[in-house]
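For reference, the structure discussed in these notes is given below.
The values are calculated or read from the model by the stated rules, or taken from the named source; none is laboratory data. Every value quoted in this text rests on a predicted model; they were computed, and no experiment measured them. Using ideal geometry, Cβ is built from the backbone for each residue, glycine included, and neighbour counts are taken over all protein chains shown. Surface areas here come from the heavy atoms of the whole protein model, side chains and all, with no ligands, DNA or RNA. Shrake-Rupley method; radii C 1.70, N 1.55, O 1.52, S 1.80 Å.
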Amino acid sequence: MVKGKLYGDVESFRTQKVLVAAKIYNVDVTVAGPTAPADKFPLGVTPAYEGDNVLLFGAESIAVHFGCQVNAETVQWMQWAEGQLLPSVLAYVLNSVSALQADKKAADGFKAELLAQLKRFNSVLATKTFLAGERFGIADLSAAFNLLPAYQHVLDTAARKEIVNVNRWFMTIMNQPVVKDVVGEFSFIEKASVFDAAKFKDLSARAKPAPKKKEEKKQEKKPKAEDLDAADAAVAAEPKAADPFAAMPKGTFVMDDWKRCYSNEDTGKVALPYFWKNFDAENNSIWLAEYMYPEDLSLSFMSCNLISGMFQRLEKLKKNAFASVCLFGTDNNSTISGIWVWRGHELVFPLSSDWQVDYESYKWTKLDPTDEATKKMVNEYFLWEGEFGGKKFNQGKIFK
């Protein structure tokens, strides 16, 4: 029997995936702790496996190593499970169980994205018992364990009604003896996890410093870096003289108030009327951005990563801008475009060297906020619903 050490958290679905694979392929694995030794695994990625003349990290690579011979159909399902399914699962689950203040608009978007994927997966499983071949294998292991957090936290009775084939397949995998040995008995949840306001309030209260004694002289202190959100911290880190918006009038449109309204209120009934009532066209502008190289776009999740990467590199712009960027079409036949709102009337990206990585890949068109065509377009992009000039909406991401 092959023997080796496994480093990883035994409660993690990724580590559990490897432990099941070890049982399938008769590999004697000893869990050696949650952290991999840095001299052997400098990237620090777990699960990590140390065997005879082999050092591997990542659940999929370790499982493939155990299986030795893996066919193309199996690799296909493993790539889908890691590249498309898992990001959707984690985005929705982490937003739902987080101890941080929830973003309802984002949560609704993550939920819709995951359920859309599962409905397509449901149609595939209408004629399949297992994903690759007639027996339980690594393809099923990879996909089922990537779905495990969703079934544990968010796929409640209502959500499961439209994915009966996925439910049947998932429970078939969970009832495999080798899976039960690792996970134990599994049962569906009745109610999805939601943001716990009481828990948030309690955590916030604990985080507040103790009140100072009355005799102490009050001193104004600058906020510490750990007390700032990502956007505040980014702005604070930038020298005051380098602030591109310092000389611009603020106007009457308060960006933070608009973002709060958009995140927490009904978009069509409350947020959009709020936007058009309060938008200050004298000191702010609206732009249409269109990605100029749609022929380079391939898989949907990769296109979404392109959008997310741009958002991350524009962190310092967040305090003064808002955007809804959408992906249209399907895999290998898609386009990206979005509506941006920011202070001022000029193209904002040339104002800072930090903002110039991605913007030249887009065509930027300044829109007239008094034009009904502009209002229709803005409403569609902010709602993620509408005609979109004949384009088929796939998914969207919000910069705020």
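Compared with the alpha-carbon gap, the fully stretched path from residue 158 to residue 106 is longer by 16.7 nm at 0.36 nm per residue.
Summing Lys and Arg as +1 and Asp and Glu as -1 over all other residues whose Cβ lies under 12 Å from the Cβ of residue 252 gives a net charge of 0. Report summary: the helix-based calculation at 222 nm, which adds -39500 (n - 2.57) for every DSSP H run with n ≥ 4 and divides by the residues of the chain, gives -12500 deg cm²/dmol. When the pairs 250/392; 316/392; 316/397 are compared against a 25 Å limit on Cα-Cα distance, 250/392; 316/392 fall above it. Can you tell me the FRET efficiency between residue 5 and residue 266 if r is taken as the Cβ-Cβ distance and R0 is 56 Å, rounded to the nearest 0.05? Computed FRET efficiency for residue 5 and residue 266: 0.60. Axis of helix 164-174 versus longest Cα principal axis of the chain: the two differ by about 50°, to the nearest ten degrees. Per residue, the accessible area of the chain comes to 55 Å², computed with a 1.4 Å probe over protein heavy atoms only.
Which of the pairs 259/366; 3/111; 17/191; 105/391 have their Cα atoms more than 29 Å apart in this structure?
Listed pairs above 29 Å: 3/111.
Pairwise inverse Cα distances across segment 328-400, averaged and inverted, put the Kirkwood hydrodynamic radius at 14.1 Å. Matching the structure-derived volume of the Cα convex hull per residue in Å³ against the labelled list (1) 206; (2) 176; (3) 198 gives the label (1). Alpha-carbon geometry of segment 3-66: the Rg and the Dmax are 10.2, 30 Å, given in that order. The angle between the Cα long axis of helix 13-24 and the longest principal axis of the Cα atoms of the chain comes to about 20 degrees, rounded to the nearest 10.
For segment 72-198, would you read off the P(r) tail past 27 Å as a percentage of all alpha carbon pairs?
17 percent
Here the 3J(HN,Hα) profile of segment 125-137, calculated from phi with Karplus coefficients 6.51, -1.76 and 1.60 at θ = phi - 60°, is 7, 4, 10, 10, 8, 10, 6, 10, x, 9, 10, 4, x Hz, Gly and Pro shown as x. Maximal additional length on extending the residue 356-residue 175 stretch stands at 59.9 nm, based on 0.36 nm per residue less the C-alpha distance. Rounded to the nearest 20 debye, the dipole magnitude of the chain is 1120 debye, with +1 charges on Lys and Arg beta carbons, -1 on Asp and Glu beta carbons, and the Cα centre as origin. Look at the dipole of the chain built from charges on Cβ: of 355, 275, 383, the Cα furthest out on the positive end belongs to 275. Under a 5 Å amide H cut-off, with hydrogens placed 1.01 Å from N, residue 192 pairs with 156 among residues at least 5 apart or on other chains. With both labels modelled 7 Å from their Cα along Cα-to-Cβ, the residue 370 to residue 185 distance reads 7.1 nm.
Which number do you get for Rg(Cα) / (2.2 N^0.38 Å) in segment 255-399?
Its radius of gyration relative to the 2.2 N^0.38 Å reference: 1.01.
Share of segment 255-399's accessible area from carbon and sulfur, percent, 1.4 Å?
On segment 255-399, the fraction of accessible area on carbon and sulfur atoms equals 48 percent.
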